[in-house]
Structures are given as structure tokens and as C-alpha cells.
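Inspection log for the structure reproduced underneath, given as C-alpha cells.
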Amino acid sequence: MREREFPAEARPSRPNRSKVYSIRLSEEEQARVQEVADAKHLPASTLVRSWILDRLKQEKTA
């Protein structure tokens, strides 16, 4: 978690993030993802991205 806020003039960027994936989840699935994200104090998108990266790491070592 951030300990301090960004300055007003700061513009965060993610230069290495160039592709966006869109997925469909049922309302129940979305709610479950959000519950886990809330419990971990993370945005849901960050949580899902971490899951994907973890799985890709598993696939690489399998």
C-alpha cells in the first residue's frame, strides 16, 4: 500500500503494459473476485493480474 499520495502533477504510466484482455465473469464470479481483492486491500484488476502471472510461472516450470 502507498504510504503517501502522488503529487497532483504526477501522471503514473505503465510503459511495459501494452495489451488489454477483456473477460466475461458472471455476477457471482465477479463478486467473489472482489471479495478476495477487498480482503487483500488490492484492486480487483491487480489481483487477477497476479493470478495470471502466477499461473504463467507454473506453466513455464511444468
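The values are calculated or read from the model by the stated rules, or taken from the named source; none is laboratory data. For clarity, every value in this text was computed on a predicted model and none was experimentally measured. Here Cβ is always computed from backbone atoms with ideal geometry, including for glycine, and neighbour counts include all displayed protein chains. Ligands, DNA and RNA are excluded from the accessible area calculation, which covers all protein heavy atoms including side chains. Shrake-Rupley method; radii C 1.70, N 1.55, O 1.52, S 1.80 Å.
Some values worked out for this structure:
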{"quantity": "Single unsatisfied condition, Leu25 versus (1) open to solvent by 90 Å² or more (accessible area, probe 1.4 Å); (2) assigned to a loop (DSSP other than H, G, I, E, B)", "calculated": "(1)"}
{"quantity": "Answer from Ala44, Ala62 - the residue that is open to solvent by less than 80 Å² (accessible area, probe 1.4 Å) and among the small types (Gly, Ala, Ser)", "calculated": "Ala44"}
{"quantity": "Close pairs (7 angstrom Cβ cut-off, 6 or more residues apart or separate chains): farther than 15 Å from Ile23 by Cβ in segment 43-62, modelled with pLDDT of 95 or more and open to solvent by less than 100 Å² (accessible area, probe 1.4 Å) anywhere", "calculated": "Pro43/Ala37"}
